[in-house]
Amino acid sequence: MTDAPISLFDMAAQQALVRADMDRRIAAVLSSGRFINGPEVAELEGRLAAFAGCAHAVGVSSGTDALQIAMMAEGVGRGDAVFLPAFTYTATAEVPLVLGATPVFVDVDAGTFNLSIPDLEARIAAVKAEGRLRPRAVVGVDLFGLPADWPAIEAICAREGMFALDDAAQAFGAALGGKRLGRWGGAAALSFYPTKTLGAYGDGGALLTDSAERAELYRSLRTHGEGGHRYEVLRTGMNGRLDTLQAAILLCKMDLFDQELRDRARVAALYRARLAGRVAMQRVEAGQDSAWGLFTLRLEGPEQRARVQDALKAAGIPSAIYYPKPLHHQPAYRAAHGEGRAPLPVSEALAHQVLSLPMHPYLTEAQVHRVCDAVLAAA
Ligand SMILES: *Cc1c(COP(=O)(O)O)cnc(C)c1O
């Protein structure tokens with residue numbers, strides 16, 4: 001095999017395409033000295049909003065801070081129940097706890113790996129019956145790039161007077177019914193962690209919303225609750241800004257983003273064609289355009305998964321397990337989950353079954369075939 005090594009994410013191929021532009025953009029920031037709130041931040045916000053088709057984008061310091069600022073803006077705090085999937089990255093559950101609210105873990109759908117709507121309904125009913133917490137918000141996660149069931153989440157939130165927050169950290173670029181994430185729910189939180197679909201060279205994030213009122217609150221909260229002018233403090237905020245250098249880097253990457261999304265879809269289609277009928281994969285439903293942040297298999301159990309992962313490793317192919325533990329089993333969240341809640345069987349099963357394959361826009365057809373050959377030989 002003379003084919004190039006396969007990586008899980010590839011940031012080098014991408015950098016080579018925009019390196020000259022990046023050097024120019026970075027040099028301009030270094031010369032301007034405007035490292036905080038430089039013009040690149042507003043320029044990027046304009047590009048992000050235009051891409052998503054939403055009215056406002058607000059750059060922030062990370063995806064986690066985007067979630068936190070969005071919840072602070074709604075006044076989420078003590079006594080509030082925030083419903084979120086048990087099968088997601090830790091940040092989704094951490095934020096309500098930091099704000100004094102209680103995360104209520106909801107099971108996920110065995111096919112899409114996203115929030116189970118029947119289980120969400122059951123948990124809201126249980127919290128209401130218990131009468132201890134106020135149902136306040138639902139955080140839908142678009143796991144691995146696949147949009148959650150936003151029409152259903154929005155309808156439930158409207159009915160219950162709750163805030164619908166889209167944790168789109170893994171899914172920028174995805175669409176549902178032709179409508180991109182950023183226009184679903186009250187706001188969408190993006191992460192620019194380097195390996196996300198749009199990644200910076202450090203931490204960064206953004207909030208997308210159609211609400212002018214929310215966008216203004218987000219801008220205030222990311223700058224210590226600042227008012228119309230500097231040193232006027234209207235509310236308790238945080239230092240949650242996106243820095244100018246990261247914005248400059250992201251602007252260069254935005255030039256590639258459309259093509260990269262098409263290439264991710266091309267890779268996913270090839271994986272799906274090769275693996276269909278042989279191994280289960282995250283299920284994509286009609287109207288869902290995944291951003292393909294990750295390509296994830298659902299194997300029969302830990303033995304088959306270990307076998308496939310070993311075979312990939314022997315062939316020099318990396319793979320990863322997102323996530324080996326559902327959040328309600330994490331020591332940090334056990335107390336918040338509490339005793340006596342209904343079990344979360346799908347989240348628990350998936351933790352033993354999922355395996356993510358290499359996924360990035362620069363995988364060649366031959367490389368995808370190599371990965372599939374190794375998977376099929378071991379599965
Ligand atoms: C990455 C991620 C976050 C956090 O984003 P950071 O930029 O790393 O803070 C939140 N939620 C999900 C689902 C993520 O994958």
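Just so you know, all these numbers are worked out from the coordinates, no wet-lab data involved. Just so it is clear, the structure is predicted and the values come from calculations on it, not from any experiment. Ideal geometry is used to build each Cβ from the backbone, glycine not excepted, and the neighbour counts take in all protein chains shown.
Miscellaneous remarks
- A simple spin-label model places the labels of residue 258 and residue 132 5.2 nm from each other, with each point 7 Å out along Cα-to-Cβ.
- A protection proxy built from the mean count of other Cβ atoms within 10 Å ranks the segments 81-89, 93-101, 196-204, 314-322, most packed first, as 81-89, 196-204, 93-101, 314-322.
- Modelled label reach - residue 339, point 7 Å along Cα→Cβ, the range 80-117 residues with backbone N closer than 20 Å: 103-105
- Order of 56, 229, 224 under a 10 Å beta carbon neighbour criterion, fewest first: 229, 224, 56
- With helices as the sole contributors, the chain gives -14000 deg cm²/dmol at 222 nm; each DSSP H run of n ≥ 4 counts as -39500 (n - 2.57), and the sum is divided by every residue.
- Nearby lysines by direct alpha-carbon distance to residue 253 (threshold 27 angstrom, same-chain neighbours under 8 apart not counted): 179, 196
- Fewest neighbouring Cβ atoms within 10 Å first, the residues 295, 172, 9 line up as 9, 295, 172.
- Selection among 259, 114, 49 by position relative to the dipole of the chain gives 114 as farthest towards the positive end (Cβ unit charges, Cα centre).
- Residues 40, 130, sorted so that the one with the fewest Cβ neighbours within 10 Å comes first: 130, 40
- Stretchable slack from residue 365 to residue 110, in nm (0.36 nm times residue separation minus alpha-carbon distance): 88.9 nm
- Net charge contributed by nearby residues that have their C-beta within less than 14 Å of residue 299 (K/R +1, D/E -1): +1
- Full extension of the chain between residue 283 and residue 34 yields a length gain of 85.1 nm, computed as 0.36 nm times the residue separation minus the alpha carbon distance.
- Residue 11-residue 213 FRET efficiency (beta carbon distance; Förster radius 22 Å; 0.05 resolution): 0.05
- Cα centroid separation, the range 336-379 to the range 4-19: 22 Å.
- Note on residue 90 and residue 376: their simple-model spin labels are 3.9 nm apart, each label 7 Å out from Cα toward Cβ.
- Label-to-label distance, nm, for residues given as residue 97 and residue 160 (7 Å Cα→Cβ offset): 2.1 nm
- For the range 11-252: relative contact order, % (alpha-carbon pairs under 8 angstrom, 6 or more apart): 26 percent
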